[in-house]
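Asker: First the structure, then my questions, so here it is.
None of the figures in this text is laboratory data; all of them are computed from the coordinates on show. These figures come from a predicted structure and were not determined experimentally. Here the Cβ positions follow ideal geometry from the backbone for every residue, glycine too, while neighbour counts run over all protein chains shown.
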Amino acid sequence: MHTEHSQAGQPADNGVYGLMAEFDDPAPLVKAANETYAAGYRQVDAFSPIPVHGLAQAIGFKKDRVALCVLIGGLSGATLGFNLAHWAQRISYPLNVGGRPLFSWPSWIPVTFECTILFAGFSALFSLIMLNGLPRLHHPVFEVPAFQRASLDKFFLLIKSSDPKFKSEDTRRFLEGFQPTAVAEVPNT
């Protein structure tokens, strides 16, 4: 069966989300992921019940955009906290306490620090939600019966049909070349 692709690289409406190979151990999964990326597949995902060293890099995951969002949020919070303290003490309600100057920045450190932590925390939460495409209450891989073991003792490699290189039969043969336990078609639900 040949998969037709639209101009945007999305699969034609053929009911297939992708093909998923099942492995018993993490080592063959990492090997398969490395070779899949080297073969030119870019719309790849991996599922594992435990953290597997090198798996994220093997499927081409390089950028951590959440860290950048947290940095921007923290810097925004620090700027807001410092400017809020400056505005309150020098502009809105200038009060000379104990002969200190009105620009007494050491006393503004706690509010600046707290605003930094608050904004960084909220940035982490919201960027994780948005960048992970949440809330997604159902994923097509849940339709594959063997995927129930993904949180117990099985390891899975998924090649999505939205990949420009995806051709159902060729991709199936490619995945079967890794000698997985099984190769399953993931329906597009």
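Asker: Of the listed peptides 106-117, 157-168, what is their order by residue-averaged count of other C-beta atoms within 10 Å, with the highest listed first? Don't jump to the answer; show the numbers that get you there.
Answerer: Values: 106-117: 14.6, 157-168: 19.8.
Taking the mean over residues of other Cβ atoms within 10 Å, the ranking is 157-168, 106-117.
Asker: Seen from all sides and averaged, what is the projected area of the convex hull of the Cα atoms in the chain, in nm²? Each step should come with its number before you reach the end.
Answerer: Details: hull surface 61.2 nm².
Reported value for the Cα convex hull: 15.3 nm².
Asker: For residue 68 and residue 176 in the same chain, what is the full-extension length gain: residue separation times 0.36 nm, less their Cα-Cα distance, in nm? Mind showing how you got there, number by number?
Answerer: Numbers: separation 108, 0.36 × 108 = 38.88 nm, distance 3.83 nm.
Gain on stretching residue 68 to residue 176: 35.0 nm.
Asker: With the Cα gyration tensor of segment 48-130 giving a ≥ b ≥ c as the square roots of its eigenvalues, does the rule (a/c under 1.5 for rounded; else a/b larger than b/c for prolate; else oblate) give rounded, prolate or oblate?
Answerer: Values: a/c = 4.49, a/b = 3.85, b/c = 1.17.
It comes out prolate by the Cα gyration axes.
Asker: Could the peptides 48-54, 73-79 be put in order, highest first, of the mean number of other beta-carbon atoms found within 10 Å of their residues? If you can, show how the numbers build up before the last one.
Answerer: Values: 48-54: 12.0, 73-79: 17.7.
Ranking, from highest mean packing down: 73-79, 48-54.
Asker: Let me ask another. Count of lysine pairs in the chain with Cα atoms under 19 Å apart, counting only pairs 8 or more residues apart in sequence or on different chains?
Answerer: Values: 31/62; 31/154; 31/160; 62/160.
Close lysine pairs under the 19 Å cut-off: 4.
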